[in-house]
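Report on one structure; see the data block that follows.
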Amino acid sequence: MRIRIAALIVVCTALLLSFNTPSKSETQYANQRAACQTGGGSEMVFRACTDLLSRDAEALDERQDYHAKRAQALHRIRKYEQAIDDADRALVLNDEEAVTLVWRGYSKNALADKTGARADLERAQKISPNSTYVLFNVAKQMQTWGDVPLALEGYESVLELEPGFGDAGSRYLNLLYDTLSPKEFERYLAEAEVKWPGQPWAHDIRVSYELRHRYDLEKALNAIEKRMAIAPNPSADLLLFALIHMKLGDEKKGIEYAEAYAKAENKIQWRDKGSVRRTIDLLLGYVIYGQGTEWITRSHTFAALGATDLARAEYHQFLEKGGLHAPKLHLDIIEGAGVPVDPQARAGSTAHINKAIDDHIRHIEQKLGFSNLGPQSG
């Protein structure tokens, strides 16, 4: 009797587990739904939505959603006519779906049907006047068309509803900069900093504006500090601090920030680096030089800062300590940056190697350094 009861318990347990464990088909169905819901631009998403639409048991609201998501996927893989067909099917099932109207508008615009695209976007905005997604995407399209007043109005509406939505704030201020006089833009930028002090984009635009146009480094430094309190970005912040302090004449602090930036930038995040990148790091760093690729970042940073002697010292230290293959690797790096290397440098001529180093430092400074800061000509 005990044996029979025990066996019965085992059978019942197995049955209960089978009821609670998703079958293979249920798992596949769940995966297809998850893939389709992304609306991403891949054949996998397209196939997932197509497979779901082939199921007769799907409810009408679900079918409408699958058509809408497949329309997005088709648009992203540039099959615009098919995307419009799917959007049409979705809108037959729910003609008040504003997001689908936005995507159909995008597809029509891609086929040069600006009139149809504008009609869809305007209708979407009437249906969902408080949807940040709709307002933002309509504003982006208006900006693309050069309809600046409507684009600005749309971005302003988004910011009133959700100041941190996407890059609406940056787009709004950048568009104002392109449109207004410097004096007028300065007023709008100052208002944005006061109105949205908790938004990093307002302070980031201030940093960019001061570094590239007005060149008030103290204001730029103050804006970085404000943005750091909201959304710190350690490596980028350290580089900006290095740039500004060097330009303010505080070379010691600038160098400290530059070295800290090199360390922060070169911390190996294994999951973020593919096997090839890891191998290069090992070859250039731990095997050859013993300190990762930090010397490259540090030398490039010094070059960008205009600290030519420090950059040159980093290069020469690598050549002295890097071993037999260091000169070739070094010249490969220089040539890979688009700087010509004389064959005599490859042959081992010290004078030509030094010239290649100086040319590379000059190239980095011109491309990344102070020459890009301050009022821009043209």
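The values are calculated or read from the model by the stated rules, or taken from the named source; none is laboratory data. These numbers come from a predicted model, not from an experiment. Here Cβ is always computed from backbone atoms with ideal geometry, including for glycine, and neighbour counts include all displayed protein chains. In case anyone asks, the SASA skips ligands and DNA or RNA and just uses the protein heavy atoms, side chains included. Shrake-Rupley method; radii C 1.70, N 1.55, O 1.52, S 1.80 Å.
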* **Within region 293-309: backbone nitrogen closer than 17 Å to the Asn354 label point (7 Å, Cα to C-beta)** => 308-309
* **Ranked packing of 295-303, 334-342, most packed first, by mean Cβ within 10 Å** => 295-303, 334-342
* Please report, largest first and rounded to whole Å, the three semi-axes of the ellipsoid equivalent to region 98-217, where each semi-axis is the square root of five times an eigenvalue of the C-alpha gyration tensor. => 29, 15, 10
* To do: May I ask you to give the solvent-accessible area per residue for region 73-151, in square angstrom, as obtained with a 1.4 angstrom probe?
  => 48
* How big is the accessible area of Met228 in square angstrom, nearest 10, if you roll a 1.4 angstrom probe over the protein chains? -> 70
* **Selection of GluC sites (Glu not before Pro), region 78-163, meeting DSSP coil and at most 14 other Cβ within 10 Å** => Glu96
* Asked: Taking all protein chains as present, what is the carbon and sulfur share of the accessible area of region 33-79, in % to the nearest whole number, probe 1.4 Å?
  -> 48
* Asked: For region 27-96, which trypsin sites (Lys or Arg not before Pro) are both in a DSSP coil and crowded by at most 12 other Cβ atoms within 10 Å?
  -> Arg55, Arg78
* Residue-by-residue Karplus 3J(HN,Hα) for region 314-323, coefficients 6.51, -1.76, 1.60, Hz, glycine and proline x -> 5, 4, 5, 5, 5, 5, 6, 9, x, x
* Accessible solvent surface per residue of region 324-371, calculated while the other protein chains remain in place, 1.4 angstrom probe, Å² -> 57
* Structure fact -> Rounded to a whole %, the carbon-and-sulfur portion of the accessible area of region 132-175 at a 1.4 Å probe is 49
* Asked: Based on the Cβ-Cβ distance of Glu256 and Asp56, what FRET efficiency does E = 1/(1 + (r/R0)^6) give at R0 = 51 Å, to the nearest 0.05?
  -> 0.15
* At what distance in angstrom do the alpha carbon centres of region 42-93 and region 100-163 lie from each other? -> 22
* **Lys126 versus Asp332: modelled label distance in nm, points set 7 Å from Cα along the beta carbon direction** => 6.4
